[in-house]
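Take a look at the structure below.
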Amino acid sequence: MSIHLKKLCAETKDIYQLTLLTAKKTLEKEIIWVQYTEDIATSDFLRGNELIITTGLCYKEKDWLKNFIEELISRKAGGLIVNTGKYIQPDDIDEEIITLCNEHKLPLIIMPWRIHLADIMQDYLNRLFLATQKENDITEHIKAVLFEPKLVKNYAEYFRRHDLDKKSFYMVVTAIKNETITDKLQEIFILRLKNIMNIIGERYLIFWQKDKLVILLFSNNIETIEKLLADIRQSFTFKQPDKKIIYGISSRHDEFIELVSAFKEAAAAQIVAEAQQKNELFFDKIGIYRLLFTTNNKILLQKMHDSLLQPLVEFDNKHNSQLYNTLRTYLFNNNSLKLTAQIEFTHRNTINYRIIKIRNILACDFDDAAMRFELMLAFYIAEYLKITEAIND
């Protein structure tokens, strides 16, 4: 549950006579709650990204406000509104305080004493609930479409009402490798991502689809996506080397009715990226897999694979051998016995024996370019079928 502080202030600036003292860019924050507090000692309950409102009731000396703000910074508060005019005057907030807030990207806002705290707090909490309700409702409709693609036409009017139908968009599917995804971790990731997305300035939606984090970015500019990924990489780091984030990015789509296609593209790119040990991969750059995704005839593809490689599969199953994998390594390394032996951690003579055995089983010539292409295509088909199965799980 959160709301963009920049949007909140823009809509209520005149109502509550708000004055922003820090730079405008400090407003690019997500606010999860609005909290009134006067005592630094009570800040232990803050979770981060709360909008704090204070009157300065405990303001007795100049350093009080600085200490108060430093504590809010350490607690990762989302912003501070000071109700000035009684305990704290606008002139009490000097340049040192404003500089401190700017350096730590803490929005500092003042509001005149005549504004009632109860009014602004009730209004802001209502707006927070309504924004969250709207976001959740849109997200649930999108999830429903991803689960049951036929619904996309039924929801066309709903998406049109929310101004989603004619906007260009990219979809990003994100997997976090070797990390247990708890509810708490899901909240943290979404909140941190929203803070990044707000700076980019494009409309977006973020939600979890099972164990994958999905980003829907409404933009027709590939550079915007590239900047987003760069900012995420900089913001999200893991101490453990085996933990990392892997992204798959769809092609650009110009109709929201293409939502399901975009998700499948991004999910496929993410799985291929993981298989190829890459951190990110665009669907437009996944090579031959992109061609395979243009066909829905999986039965035909399976038959093509089996007609070429099924004898090896059956032989391996019967004799507990590795001929199938050996052939793949051999073909994808330019028929090099030396490279195949190195990759398979097997003596070259053993690899040579296996290749001779495979030639006899398949009755084909690996030096023939057309045959080599067909066999490599069969391996690509096998991996493609695994990818589509993983997407549909």
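A few notes on this one:
- Alpha-carbon Rg with Dmax, taken over the stretch 320-393, Å: 13.4, 42
- Derived scalar couplings between HN and Hα for the stretch 331-345 equal 5, 7, 10, 6, 6, 8, 5, 4, 5, 4, 4, 5, 5, 7, 6 Hz in order, rounded to whole Hz, by the Karplus curve 6.51 cos²θ - 1.76 cosθ + 1.60 (θ = phi - 60°), x for Gly and Pro.
- Trypsin sites (Lys or Arg not before Pro) lying in DSSP loop within the stretch 15-111, provided at most 15 other Cβ fall within 10 Å: Arg47, Lys60, Lys62, Lys76, Lys86
- For the chain, calculated [θ]222 nm from helices alone, where every DSSP H run of n ≥ 4 adds -39500 (n - 2.57): -16500 deg cm²/dmol
- Environment charge at Tyr16 (Cβ cut-off 9 Å; Lys +1, Arg +1, Asp -1, Glu -1): -2
- A Förster radius of 41 Å, combined with the Cβ-Cβ distance separating Ile199 from Lys298, puts the computed FRET efficiency at roughly 0.45.
- The residues packed around His319, meaning those with a beta-carbon under 13 Å from its beta-carbon, carry a net charge of +1 if Lys and Arg are +1 and Asp and Glu are -1.
- Radius, Kirkwood style, for the stretch 148-285 when every pair of distinct Cα atoms is counted (Å): 15.4
- Ranking of Thr19, Thr84 by count of other Cβ atoms within 10 Å, fewest first: Thr19, Thr84
- With the convex hull constructed from alpha-carbon coordinates only, the stretch 1-109 shows a mean projected area of 6.3 nm² over all directions.
- Which of Tyr289, Tyr36, Tyr330, Tyr353 has the fewest Cβ neighbours within 10 Å, and the rest in rising order: Tyr353, Tyr36, Tyr289, Tyr330
- A viscosity of 1.002 mPa s and a temperature of 20 °C, combined with the Kirkwood radius over Cα pairs in Stokes-Einstein, give a translational diffusion coefficient for the chain of 86 µm²/s.
- The charge dipole of the stretch 298-392, taken about the Cα centre with unit charges on the Cβ atoms of Lys, Arg (+1) and Asp, Glu (-1), comes to about 200 debye, rounded to the nearest 20.
- Nonlocal amide H pairs with Val34, under 5 Å, H built at 1.01 Å: Leu51
- Using θ = phi - 60° and Karplus 6.51 cos²θ - 1.76 cosθ + 1.60, couplings along the stretch 150-166 (whole Hz; Gly, Pro as x): 4, 6, 4, 6, 5, 9, 4, 5, 4, 5, 5, 4, 9, 6, 10, 6, 10
- Stretch gain in nm, segment Thr132-Ala390, where the contour uses 0.36 nm per residue and the Cα spacing is subtracted: 89.8 nm
- Residues whose placed amide H lies under 5 Å from that of Lys29, excluding near-sequence neighbours: Leu5, Lys6
- Cβ-based net charge around His141, under 13 Å, with every Lys or Arg adding one and every Asp or Glu removing one: -1
- Förster radius 22 Å - calculated FRET efficiency between Asp368 and Lys338, Cβ distance, rounded to 0.05: 0.55
None of the figures in this text is laboratory data; all of them are computed from the coordinates on show. Just so it is clear, the structure is predicted and the values come from calculations on it, not from any experiment. All Cβ positions, glycine included, derive from the backbone under ideal geometry; neighbour counts span all protein chains shown.
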